[in-house]
Amino acid sequence: FGPGGNLFVAKSLGTSISRMSSTGSLLEANFTKGTNPINPSSFAFSSTGDMFVGNFGGDGILRYDSSGQFQGVFRSGITGASGLLFDSEGDLWLTSLYEHKVFELDSNGNIKTQFSPNFSSFDTFPAFLMFDPNNSNQLLVSLSGAAGVYKYSLSGTPLGIFAYGGTT
């Protein structure tokens with residue numbers, strides 16, 4: 001859900017994001033205008049209502065204003081961007097499935113933090129993340145390959161298993 005209580009749905013094997021009402025009525029089949037993302041994996045809204053989209057099938061993170069108009073590439077050079085979310089400082093956190101990393105970007109798209117969330121001997125692919133609801137100074141990162149959700153400090157120090165899903 002985004003600004004105004006609308007539901008936004010990514011067509012992850014396509015090039016569009018739809019905007020729906022909170023009751024499920026289609027408002028716009030293609031909310032993103034100007035340049036469409038390639039396989040949009042996830043997106044997050046800034047405090048100003050701008051939408052940041054992981055261009056999973058392309059490169060980097062795309063930025064759209066609150067009406068869906070393309071504003072440019074926020075950050076290039078990050079492949080397989082997914083799991084986008086903003087922290088309370090306005091920094092954008094995301095995973096790169098293909099680079100096996102977690103990134104924190106400042107408001108200009110500069111890298112503040114990056115780490116590889118390898119856990120034990122698993123070949124891991126960080127897919128999604130969220131802040132631990134019990135401790136906002138910790139990240140929960142889902143790792144395909146390690147079949148679970150793992151805790152990390154904001155600097156990337158492994159803190160243990162949050163939830164384990166068994167074998168991959």
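The number of residues in segment 97-111 being closer than 12 Å to Thr124 by Cβ, part of a strand (DSSP E or B) and open to solvent by less than 40 Å² (accessible area, probe 1.4 Å) comes to 1.
Of everything listed in (1) surrounded by fewer than 16 Cβ atoms within 10 Å (Cβ to Cβ); (2) touching a residue at least 40 places away in the same chain (Cβ under 8 Å); (3) of a type in the set (Ser, Thr, Tyr), the single unmet condition for Thr48 is (2).
Looking at segment 84-102, I want the residues that are among the charged types (D, E, K, R) and have a partner that is open to solvent by 50 Å² or more (accessible area, probe 1.4 Å) with Cβ atoms under 6 Å, at least 6 apart or on another chain. Which pairs are those? Every condition considered, the pairs that remain are Lys101/Gln114; Lys101/Ser116. All of Leu84, Leu7 fail the test of being closer than 24 Å to Ser144 by Cβ and either among the hydrophobic types (A, V, I, L, M, F, W, C) or out of contact with any Cys (no Cβ under 6 Å at 6 or more places or on another chain) (or both), apart from Leu84.
Within segment 134-147, which residues are part of a strand (DSSP E or B) and open to solvent by less than 20 Å² (accessible area, probe 1.4 Å)? Residues satisfying the conditions are Leu139, Leu140, Val141, Leu143.
Scanning segment 112-128 for residues that are in a strand (DSSP E or B) and open to solvent by 80 Å² or more (accessible area, probe 1.4 Å) gives Lys112, Gln114, Phe128. Within the option set Gly80, Gly166, Gly156, Gly58, being at pLDDT below 90 and more than 24 Å from Thr35 (Cα to Cα) holds for one residue only, Gly166. Looking at segment 23-37, can you tell me whether even one residue there is within 15 Å of the chain's Cα centre (by Cα) and modelled with pLDDT under 90? Yes, segment 23-37 has at least one match. With respect to the conditions (1) part of a loop (DSSP other than H, G, I, E, B); (2) of a type outside the set (A, V, I, L, M); (3) at negative phi, Phe131 lacks only one, and its number is (1). Figure legend. Inter-residue proximity from segment 62-74: first residues of a type in the set (Val, Ile, Thr), second residues surrounded by 14 or more Cβ atoms within 10 Å (Cβ to Cβ) and in a strand (DSSP E or B), beta-carbon distance below 7 Å, spacing 6+ or different chains. Indicated pairs: Val73/Leu62. Note on segment 77-95: among residues that are of a type in the set (Gly, Ala, Ser) and closer than 17 Å to Leu140 by Cβ, the one that is surrounded by the fewest Cβ atoms within 10 Å (Cβ to Cβ) is Ser88. Taking the numbered list (1) open to solvent by 40 Å² or more (accessible area, probe 1.4 Å); (2) hydroxyl-bearing (Ser, Thr, Tyr); (3) part of a strand (DSSP E or B) in turn, Tyr152 passes all entries but (1).
How many residues are of a type in the set (S, T, N, Q), open to solvent by 60 Å² or more (accessible area, probe 1.4 Å) and over 23 Å from Ala127 (Cα atoms) if we restrict to segment 1-24? Going through segment 1-24 one residue at a time, the tally reaches 2.
The values are calculated or read from the model by the stated rules, or taken from the named source; none is laboratory data. On a predicted model such as this, the values are computed, not experimentally measured, just so you know. Ideal geometry is used to build each Cβ from the backbone, glycine not excepted, and the neighbour counts take in all protein chains shown. The accessibility values were calculated without ligands, DNA or RNA, using every heavy atom of the protein model including side chains. Shrake-Rupley method; radii C 1.70, N 1.55, O 1.52, S 1.80 Å.
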